[in-house]
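To keep things clear, I will list the structure first and then write my remarks on it.
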Amino acid sequence: MTIGTYDGLHLGHQALIGRLTAHAARLGLPSVLLTFEPMPREYFAPNDPPARLTTLRERLAILRSTGLNYTWLLRFGEGLRNLSGQAFAEFLARDLRARLVVVGHDFRFGKDGAASAAMLAAAGERLGFEVDVLPPVMQGAERISSSAVRAALLGADFGRARRLLGRPYSMRARVAHGERLGRELGFPTANLPLGRRRSPLAGIFAVRVHGAVAGALPGVASLGTRPTIGGTEALLEAHVFDFSADLYGREIEVEFAAKLRDEERFATLAALTAQMQRDASEARRILGALRDIEGPD
């Protein structure tokens, strides 16, 4: 078993899961990832939650390709929050029947995060399970972490984010009906509500859209509140170039390739439309250049 929020499922997380599945194969036991919803940091700061790299749906989609046998989801609330480190270790041994637990070097657990990986190892000796503590996983001189990925995205450094994640950064959701304003302006969009998720990104981006057809399709996307029309809730709107099929109800994935600009408020819809045309032209140019560098999908 391994335990954590696993937000982003970056290369450090993947190393933990790799160690876990290797132990499971050696011992002839199922591998289990224990995670939480909401994430503890969201629970502790509901009015100012940290930016979330992955929704639960996105985490589960990524985990399907890791060789993991089970994901065990616990609702994080007052009960879990107030468990002491000893009580949580007993829960692992008694209720979950853990034989071996794999955690990172900075793993904290128990009430107020007072217990460490070393304390878990000591508790495991008493309760009958082993603990394997993974050292920091590095990308060059940088320690791989969810915080480092958030910092890369905040700076629109998608190359750095890709190196830390081991894949391009993307968002996945089911396409919802919108106000059809984009269609009226000549830019029909697939609308992906963010729900309660606080995004690590905002602005206008060159993107690739997966899930509409067999391969990736180029496009341009807006992620923000749409101030020109008085919007208040964050929404991801992706316009796929030269594509007219109906995507309503489809689950698609929007991969971020480059940031074009920050979101801004325009005085008129005509001014907004003119800027959208410039954005689309710039996104085509950037994606074409990236395709020449990276090669076809």
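The values are calculated or read from the model by the stated rules, or taken from the named source; none is laboratory data. The model shown is predicted, which means the values in this text are computed figures rather than measured ones. Reconstructed Cβ throughout: ideal geometry from the backbone, glycine too, with neighbour counts over all protein chains shown.
As a summary of the residue check, A234 satisfies the conditions (1) surrounded by 13 or more Cβ atoms within 10 Å (Cβ to Cβ); (2) farther than 24 Å from T55 by Cα except for the one numbered (2). Within the stretch 255-272, is there a residue that is small (G, A, S), in a strand (DSSP E or B) and in the same structural domain as R174 (by TED's automatic domain parsing)? Yes, because at least one residue in the stretch 255-272 is small (G, A, S), in a strand (DSSP E or B) and in the same structural domain as R174 (by TED's automatic domain parsing). Consider the stretch 6-37 and keep the residues that are free of Cβ contacts under 8 Å to residues at least 60 places away in the same chain and outside any helix (DSSP H, G or I). The one that is farthest from L63 (Cα to Cα) is G28. Every residue in the stretch 269-280 that is among the small types (G, A, S) and either surrounded by 11 or more Cβ atoms within 10 Å (Cβ to Cβ) or closer than 15 Å to G215 by Cβ (or both), please. Listed by number, the residues that qualify are A271, A274, A280. Screening L60 with (1) part of a loop (DSSP other than H, G, I, E, B); (2) under 18 Å from T21 (Cα atoms) gives one miss only, at (1). Close Cβ contacts (under 8 Å, 6 or more residues apart or on different chains) running from residues in the stretch 276-296 that are under 16 Å from G203 (Cβ atoms) to residues that are in a helix (DSSP H, G or I) are absent.
Against the conditions (1) part of a loop (DSSP other than H, G, I, E, B); (2) surrounded by fewer than 17 Cβ atoms within 10 Å (Cβ to Cβ), L53 satisfies every one except (2). Considering V133, V137, the condition of being in contact (Cβ under 8 Å) with a residue 40 or more places away in the chain and in the same structural domain as R97 (by TED's automatic domain parsing) is satisfied by V137 alone.
Is it the case, given these coordinates, that L290 is of a type outside the set (S, T, N, Q), closer than 22 Å to A156 by Cα, assigned to a strand (DSSP E or B) and out of contact with any helix residue (DSSP H, G or I) (no Cβ under 8 Å at 6 or more places or on another chain)? No. Is it true that N47 is at pLDDT 95 or above and in the same structural domain as A93 (by TED's automatic domain parsing)? No; evaluated as a whole, the condition is false for this residue. Condition test on I252, is it in contact with a strand residue (DSSP E or B) (Cβ under 7 Å, 6 or more places away or on another chain) and farther than 20 Å from L153 by Cα? Yes.
Evaluated against (1) at pLDDT 95 or above; (2) touching a Gly at 6+ places or on another chain (Cβ under 7 Å); (3) among the aliphatic types (A, V, I, L, M), V220 falls short on exactly one condition, (2).
Per the listing R81, R99, the residue uniquely assigned by TED's automatic domain parsing to the domain that holds T35, farther than 21 Å from G12 by Cβ, modelled with pLDDT of 95 or more and of a type in the set (K, R) is R99.
Of all the criteria given as (1) surrounded by 14 or more Cβ atoms within 10 Å (Cβ to Cβ); (2) under 25 Å from the mean Cα position of the chain (by Cα); (3) among the polar types (S, T, N, Q), the one not satisfied by S65 is (1). Checking each residue in the stretch 245-254 for being farther than 16 Å from A280 by Cα and either touching an Asp or Glu at 6+ places or on another chain (Cβ under 6 Å) or touching a residue at least 24 places away in the same chain (Cβ under 8 Å) (or both) picks out A245, L247, Y248, G249, R250, E251, I252, E253. All of A190, A214 fail the test of being of a type in the set (A, V, I, L, M) and either under 19 Å from the mean Cα position of the chain (by Cα) or modelled with pLDDT of 90 or more (or both), apart from A190.
Pick out the one residue from F266, F241, F205 that is aromatic (F, W, Y), buried (at least 19 other Cβ atoms within 10 Å of the Cβ) and touching a Leu at 6+ places or on another chain (Cβ under 9 Å).
Unique residue meeting the criteria: F205.
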